[in-house]
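Comments concern the structure below.
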Amino acid sequence: LFFDRRDESESESESENDASFSYDDDASFSYATLDDGTAVPKQPVVAHFDARARETHRAVVRVETMMRDMIESGVEPDLHSFTALLSAYARAGDVAAAGDALAGMRARGIPVDTFAFNALLQACAVAGDLDAAVRIRDEMRRAGSVEPDAVTFLHLFRACARRSRQVAAVLRDASDWD
């Protein structure tokens, strides 16, 4: 099944390794000053993003578990359950899994609407996969009955913006230039 991935860390407690600090309100949080006067956090900011990524992963696992339990108990997933699955994959930036969910909708005869395509485009934007976003937009056009909306263009724009940041980072790498 397209949603049959298991959480390797299901036995971990929910609070284990969660970030329990706040950068905005923590008076004890300290900054270092660079030579140019820029203040930067002394503690790594990555911990905040790691906590968010863990929570996103947990949400995906919860929705996948719900879908698996529904099917195992004989309840056929509907548009609403696939919407939850697509939304979870979109937040995680898992383009392949979101595509599999879309294929699962089609296989079950569930109509693929603008929201479903937008969720797939959101996954592309989060993952920074502009090429996949363009292919999905083209597929959306070929579908005929699915009209793009403002959210469609927002996700396309975000995918373009992510790509431009990736290109800029490559071009800034001085070791590539002699």
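Derivation of every value follows stated rules applied to the coordinates shown; laboratory data play no part. In this text the structure is predicted, and so the values were computed from the model without any measurement. Cβ placement follows ideal geometry from the backbone for every residue including glycine, while neighbour counts extend to all protein chains displayed.
Here the Karplus relation 6.51 cos²θ - 1.76 cosθ + 1.60, evaluated at θ = phi - 60°, turns the backbone of the stretch 83-92 into coupling constants of 4, 4, 5, 4, 5, 5, 5, 5, 4, 7 Hz, with x for every Gly and Pro. Short-range pairs are left out: with C-alpha atoms under 8 Å and at least six residues apart, the relative contact order of the stretch 92-178 is 30 percent.
Applying the Karplus relation 6.51 cos²θ - 1.76 cosθ + 1.60 with θ = phi - 60° to the stretch 129-143 yields 3J(HN,Hα) values of 9, 5, 4, 5, 4, 5, 4, 5, 4, 5, 5, 4, 5, 5, 4 Hz, where x marks Gly and Pro. Protection proxy ranking for 125-133, 143-151, 94-102, 59-67, using the average of other Cβ atoms within 10 Å per residue and placing the highest first: 94-102, 125-133, 59-67, 143-151. Computed from the Kirkwood radius of its Cα pairs, the Stokes-Einstein diffusion coefficient for the stretch 90-156 at 20 °C and 1.002 mPa s stands at 185 µm²/s.
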